[in-house]
Amino acid sequence: MERIQRLNEKDTVAGEYVLYWMQQSQRAQYNHALELAIEQANALGQPCVVAFGLMPDYPEANARHYAFMLEGLEETRDVLAERGIPWIARHGSPPRVALELGGRASLIVCDRGYLRHQVAWRQEVAREAPCRVVQVESDVVVPVETASDKAEYAARTLRPKLWRHLEAFLKDLPPTPLLRESLNLPLGGMDRAELRGAATRLQQGPDVAPVGSRFRGGARAAEDRLRELLQDKLSRYADHRNQPQTDDVSYMGMYLHFGQISPVYLALQVMGATHQPAKDRDAFLEELLVRRELAMNFVHYRPDYDSYACLPAWAQATLADHEDDPRSPLYTPQELESGQTHDIYWNAAMNEMKARGYMHNSMRMYWGKKILEWSRTPREAFQTALTLNNKYFLDGRDPSSYANVAWVFGLHDRPWKERPVYGKVRCMMASGLERKCDIRAYVRKVQELVQQAGR
Ligand SMILES: Cc1cc2nc3c(=O)[nH]c(=O)nc-3n(C[C@H](O)[C@H](O)[C@H](O)COP(=O)(O)OP(=O)(O)OC[C@H]3O[C@@H](n4cnc5c(N)ncnc54)[C@H](O)[C@@H]3O)c2cc1C
């Protein structure tokens, strides 16, 4: 029940179907919102319909993001059809499409998103729909308000609160069969050819090229990556958390971002992989549950999550104290984006991000810290890091993007020994990379990846 929230005071009306307005949770399985919509349709003896609004100007989206998302949606449409459920995609902003199709619905069920525009869209639908609108949380394990009623200070303060609830929320979600025939309702929407045409148009932007076969979008690709993790990579996960030259990561971030895989399912699969060492399972669950849900907590309770003002007061004060410290070298945002600084490790990270929309977590930390060190002001650095993050990463534009970029500047961290430019904000040095990992092997790995991308 904690996953379910009524968004308006209206009643269920005598409509033609139950509508699931899909926006964040773009999958046909392990989707609590979808399963609730089917249950409600069965209870009312009605069909169930899924609506999706495809807009060409989604906030900060570019060709790379659209390509990945549309690969996933085509598969979602097919799997829903196998379950007897029509997926109706129309051109338009998500709330407008939800309201168009919601005009004939008895009840609208939607999934949950935490970013500003996602919250505003749900409010708009709740306000204007003629029927009840119910929101179902399906993209975090423990619903944010259940875990905590405030912005948490750090991972250590959220961790015990999450663990207290894990057993209650880590539950299997078997599919509910839909009882009423729904596929032949005359509701229009894009057919496969139109969807592919829209995909082609959206992928032709001049800005950031799709990553192609390096990362395919969709639940099946996510499942393949998960199998690799469970069978093999997980056994090295804890030791390789700070080894960017290795490939022992899950690559789940991008699939989670587009709602193509459920975090509940993912956590259950990792917990069940008892043939792998407990320390690796625990290390993975720490990232998936604590770090990821700390990011959700942050954007939910801090409406200024994307502005410099979201940083803790101590961090803003110390960065202000050091704002006039000389920076050497000093790079403009454009110079940074070109990936041609004096630092070959940093350039490799920037080039990996541009070529394949991904970067290992330990390099993301180094990458962000150096932007702080080499920019004219901390505010400019914050903006540069967030812009590049959201432009190039497949998992960018996510609550984890905002929380982690802010982490670079002191969020969810504590004061450290004071130094130039950084003040008391934690710093990172190239010598640390050289000591802790095989950073030259990472540079070689990226050179190969970039060469492959150019072929
Ligand atoms: C400066 C900076 C920017 C970042 N930008 C993003 C971003 O735009 N989008 C994004 O999803 N993550 C971001 N992260 C967090 C983390 O680096 C990525 O989630 C992770 O590298 C994704 O790769 P993976 O799925 O292979 O991770 P794995 O190491 O396999 O981790 C498994 C899962 O745990 C979660 N996770 C791991 N680390 C973190 C973390 N620090 N915070 C929150 N969740 C985490 C993710 O859901 C991830 O998929 C950023 C980190 C830093 C330091």
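Since every read-out is calculated from the coordinates, none of them should be taken as a lab result. Predicted model only: the values in this text are computed from it and were never measured. Neighbour counts run over all protein chains shown; Cβ positions are idealised from the backbone, glycine included.
Applying 1/(1 + (r/R0)^6) with R0 = 35 Å to the Cβ-Cβ distance of GLU228 and VAL13 gives a FRET efficiency near 0.15.
With contacts taken as Cα pairs under 8 Å and at least 6 residues apart, the range 308-453 reaches a relative contact order of 34 percent. Remark: spin-label model distance LEU330-ARG444 equals 3.8 nm, labels positioned 7 Å along the Cα→Cβ axis.
Could you state the number of Å between the C-alpha centres of the range 92-156 and the range 436-455? That distance is 41 Å.
Qualifying GluC sites (Glu not before Pro) in the range 276-364, where qualification requires a DSSP coil assignment and no more than 15 other C-beta atoms within 10 Å, comprise GLU323. Our summary gives the range 1-123 a relative contact order of 41 percent, counting only alpha carbon pairs under 8 angstrom and 6 or more residues apart. FRET efficiency for the pair ILE4 and SER213, taken as 1/(1 + (r/R0)^6) with r the Cβ-Cβ distance and R0 = 51 Å, rounds to 0.85.
Under 23 Å from the Cα of LYS370, which lysines turn up, not counting those fewer than eight places away in the same chain? Leaving aside lysines fewer than 8 places away in the same chain, those within reach of LYS370 are LYS354, LYS391, LYS417, LYS424, LYS436, LYS445. Distance from the C-alpha centroid of the range 271-329 to that of the range 20-47: 33 Å, rounded to the whole angstrom.
With coordinates expressed along the principal axes, the C-alpha atoms belonging to the range 308-453 extend over 45, 31, 27 Å, beginning with the largest.
Here the dipole of the chain is about 600 debye; that uses its Cα centre as origin and unit charges on the Cβ of Lys and Arg (positive) and Asp and Glu (negative). FRET efficiency for HIS91 and SER307, Cβ-Cβ distance as r, R0 = 22 Å, nearest 0.05? Plugging the Cβ-Cβ distance into 1/(1 + (r/R0)^6) gives 0.10. Here the Kirkwood formula, the inverse mean of 1/r across different C-alpha pairs, assigns the chain a hydrodynamic radius of 23.0 Å. Distance from the alpha carbon centroid of the range 65-83 to that of the range 362-423 works out to 33 angstrom. The stretch between ALA193 and ALA453, if pulled fully straight at 0.36 nm per residue, gains 90.8 nm over its current Cα-Cα span. A dipole drawn for the chain from +1 and -1 charges on Cβ atoms has a positive end, and of MET55, LEU34, SER338 the residue lying farthest that way is SER338. At the listed q of 0.13, 0.14 Å⁻¹, the Debye profile of the range 1-146, built from one uniform point per Cα, gives log10 I(q)/I(0) equal to -0.52, -0.61.
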